[in-house]
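The values are calculated or read from the model by the stated rules, or taken from the named source; none is laboratory data. For clarity, every value in this text was computed on a predicted model and none was experimentally measured. Cβ atoms come from the backbone with ideal geometry, glycine included; neighbour counts cover every protein chain shown.
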Amino acid sequence: MTDPAIELDGVSKRFGDVTAVDSVDLTVESGEIFGFLGPNGAGKSTTINVLLDFVESTSGTASMLGLDVSDDRETLHDRIGVVPENYGLYDRLSGRRHVELAAELKGADDDPDELLDRVGLSREDAGRPAGEYSTGMGQRLALAMALVGAPDLLILDEPTSGLDPNGARELRNLIRAENERGVTVFFSSHILEQVEAVADRVGIMNEGELVAVDSIGRLRQQLDTGARVTLHVDREPDGDLGGLPNVRDIEVMDGTVRGTCLEPAAKLRFIDRVRERVTVTDLRIEESSLEDLFASYTDEDTTERRSDPVGPGGVA
Amino acid sequence: MSVRTIARKDLADASRSTTLWAVTAVVLLSTAGVTGLLAATSGMTAGEVFGLSFQLAGTMLPIVALILAKGAITAEREAGSLRVLLSLPPSRRDVLVGKLLGRTALMLVATLVGGLATGLVVLTMLGGSVASIVSFVGFLGLMSVAFVAIGVGISAGSASDSRATAVAVSAYMILVALWNLIQSAIRYGAVELGVMTAGNEPAWLRLVGLFPPNRAADAAYRAAVDGQLFGTDPFASVWLPVLVLMAWVFAPVTAGYLRFRDAQIG
């Protein structure tokens, strides 16, 4: 049986009076893509800093690949690849030199050019000093350094920050490709969409506590967040628009009709119902954001409003 | 292995900083230049010029060494590249020792070039022995290494680069700029307290005079010129000042390491 990729057992970290991480238990299995979610200040970074032995936990034990994060640090760091949060590059050294440096320090014989290719940095760019790189190029280089030595576990702390949508998509593809090679991926983000697209499971941190661990789909099902549909109409419809399953919080104001739809089919039913009465000139759909997802875990009012949604495709 | 890689990386990175080289060049050329001026105009002997030149270098090189070294850890910590290094296998000790070696090598190259240039100026203008150049350059080098070690130790023990700069400048002020004053204050205080009588020079007070690395290096250089390796007076011998210099090479960097080892790299 393989050791879990990450195992946290009652890990707490206090800075003076402030508890940054409060007895977190978490197991990430080998082979998973795990998304680590939470707003800034929730304790994600501190948790990752404990995993990387940047800070020492106040209590509890933390291990990765069956190795203690502090005692077996050197052996462990040979087998993981990391893109730390707020990482820095050496402005005066070339991109290729960075990858060579990582390879020398890991005792790996990777071909730097192959790794730079894999993350999409051209030969020409790889020869330039990293000080001339854009944020996106720097991110690619950091990723190439993390891939050195064929790691068993990739830890990416906010890897999508500073990437344009195109770069973020390429990163997701890369994460999937590495995962297919058998690499466990643990990555943190405060943007739900980035995590949702690739993660098998997610953990949500809030105020130092791990408040939920599940697949995104199951989390959504448990929540009453859904999508907010806004329809611009030529005139405000009369009469009752309610009574549709999985559509709630309907508002009519300022030439728009809004409703929260708990599952995909409900959106279409809602739009159809409005179009039966008036002409829709424009529409906007906002999927539930992390804030909404969070609110359901942290905000008591939201929890009280929770209503049990009918399963997807429920009869109208 | 890791230590050597980090030292080489640091050397490659730091040696590409043009500001660093510009400052070094100005300081070293002015040392050689002033020495040349002295040699041309003062009518002093080669030995006297070397002695004055050593004292001049003893006030210039320490600030260059401290500035060169004080960012060794803190600059990487602030830029975030330390997080990258520590995500890789090297330990904090590896990083610190690698940095110390890299900066030491850089400072030694600068000292060697400047010292040799100064020595050659004196040698061609006034004559003198090659042996005098060897001890001139050698003890300047040892002094530079001590100040680099102090700077790296300060860097390892500081949480921010601005703090490291402040501590490094303070170290320069105390050890180099103000030490005469401090020594006098200690002497007057000791007389006032009745620990010693005025006009006396007890061994401990002489040790106070030898305490800063630049003073120790100067004493070692003069003793070497006099050929006193293990003389009857330890203060006029090479061994005691060298011992003081060795203490400067190891003590601050060890203290800095202990703080760095327990630091939160957040």
Task: Residues located in region A:147-160, provided they are away from chain B (no Cβ under 13 Å) and either among the polar types (S, T, N, Q) or part of a helix (DSSP H, G or I) (or both) - done: A:T160
- [ ] Taking the residues in region B:1-55 that are within 14 Å of chain A (Cβ to nearest Cβ) and either at positive phi or among the aliphatic types (A, V, I, L, M) (or both) as candidates, determine which candidate is surrounded by the most Cβ atoms within 10 Å (Cβ to Cβ).
- [x] B:I6
Open item on the list: Take residues that are small (G, A, S) and farther than 24 Å from A:V198 by Cβ and tell me which of the strands (runs of 3 or more DSSP E) falling wholly in region A:1-85 contain 3 or more.
Closed with: A:59-64
TODO: Considering each residue of region B:50-66, count those that are over 11 Å from the mean Cα position of the chain (by Cα) and under 13 Å from B:L20 (Cβ atoms), and give that number.
DONE: 0
Open item on the list: Against the conditions (1) under 25 Å from A:R201 (Cα atoms); (2) out of contact with any Asp or Glu (no Cβ under 9 Å at 6 or more places or on another chain); (3) buried (at least 21 other Cβ atoms within 10 Å of the Cβ), where does A:I80 fall short? Just the number, please.
Closed with: (2)
Task: Subset of region A:71-93 (residues that are more than 8 Å from chain B (Cβ to nearest Cβ) and basic (K, R)) - done: A:R79
- [ ] Kindly indicate whether any position in region A:14-31 is within 24 Å of B:R261 (Cα to Cα), without any contact (Cβ under 8 Å) to a residue 60 or more places away in the chain and either basic (K, R) or outside the structural domain of A:I216 (by TED's automatic domain parsing) (or both).
- [x] yes
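How about region A:168-270: which strands (runs of 3 or more DSSP E) wholly inside it have at least 3 residues that are more than 19 Å from A:G31 (Cβ to Cβ), in contact (Cβ under 8 Å) with a residue 40 or more places away in the chain and not basic (K, R)?
Working: elements: A:184-189, A:201-206, A:209-214, A:227-233, A:247-253, A:256-261.
Answer list for region A:168-270: A:201-206, A:209-214, A:227-233.
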- [ ] Would you check which residues across region B:82-94 are part of a helix (DSSP H, G or I) and under 27 Å from the mean Cα position of the chain (by Cα) and list them?
- [x] B:L82, B:R92, B:R93, B:D94
TODO: Could you pull out the residue among A:D68, A:D113 that is away from chain B (no Cβ under 11 Å) and more than 30 Å from A:V211 (Cα to Cα)?
DONE: A:D113
Task: Subset tally (residues that are touching a Phe, Trp or Tyr at 6+ places or on another chain (Cβ under 8 Å) and either under 16 Å from B:L56 (Cβ atoms) or aromatic (F, W, Y) (or both)) for region B:101-131 - done: 4
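Okay, residues lined up against (1) farther than 28 Å from A:R79 by Cα; (2) surrounded by 21 or more Cβ atoms within 10 Å (Cβ to Cβ); (3) basic (K, R); (4) assigned by TED's automatic domain parsing to the domain that holds A:L65:
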position: A:I191; (1), (2), (3), (4): no, no, no, yes
position: A:E196; (1), (2), (3), (4): no, no, no, yes
position: A:I216; (1), (2), (3), (4): yes, no, no, yes
position: A:V233; (1), (2), (3), (4): yes, no, no, no
position: A:E236; (1), (2), (3), (4): yes, no, no, no
position: A:G239; (1), (2), (3), (4): yes, no, no, no
position: A:I271; (1), (2), (3), (4): yes, no, no, no
position: A:R275; (1), (2), (3), (4): yes, no, yes, no
Task: Count of residues meeting criterion [free of Cβ contacts under 8 Å to residues at least 60 places away in the same chain, crowded, with 16+ Cβ neighbours inside 10 Å and more than 15 Å from B:S135 (Cβ to Cβ)] in region B:236-266 - done: 2
TODO: Go through the residues of region B:155-163 one by one and say whether even a single one is surrounded by fewer than 18 Cβ atoms within 10 Å (Cβ to Cβ) and more than 30 Å from A:L156 (Cβ to Cβ).
DONE: yes
Open item on the list: Is it the case, given these coordinates, that A:A144 is assigned by TED's automatic domain parsing to the domain that holds A:L121, part of a helix (DSSP H, G or I) and closer than 20 Å to A:F34 by Cβ?
Closed with: no
Task: Failed criterion for A:R96 (all others in (1) more than 10 Å from chain B (Cβ to nearest Cβ); (2) at pLDDT below 95; (3) assigned to a helix (DSSP H, G or I) hold) - done: (2)
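Take the residues in region B:56-81 that are under 30 Å from A:D71 (Cβ atoms) and in a helix (DSSP H, G or I), then tell me which one is farthest from the other protein chains (Cβ to nearest Cβ). It would help to see each step written out before you state the result.
The first filter runs over region B:56-81 and keeps only residues under 30 Å from A:D71 (Cβ atoms), leaving B:72-81.
After this cut, where a residue has to be in a helix (DSSP H, G or I) as well, the list is B:74-79, B:81.
Values: B:T74: 12, B:A75: 9, B:E76: 7, B:R77: 9, B:E78: 8, B:A79: 4, B:S81: 4 Å.
Checked region B:56-81; the qualifying residue farthest from the other protein chains (Cβ to nearest Cβ) is B:T74.
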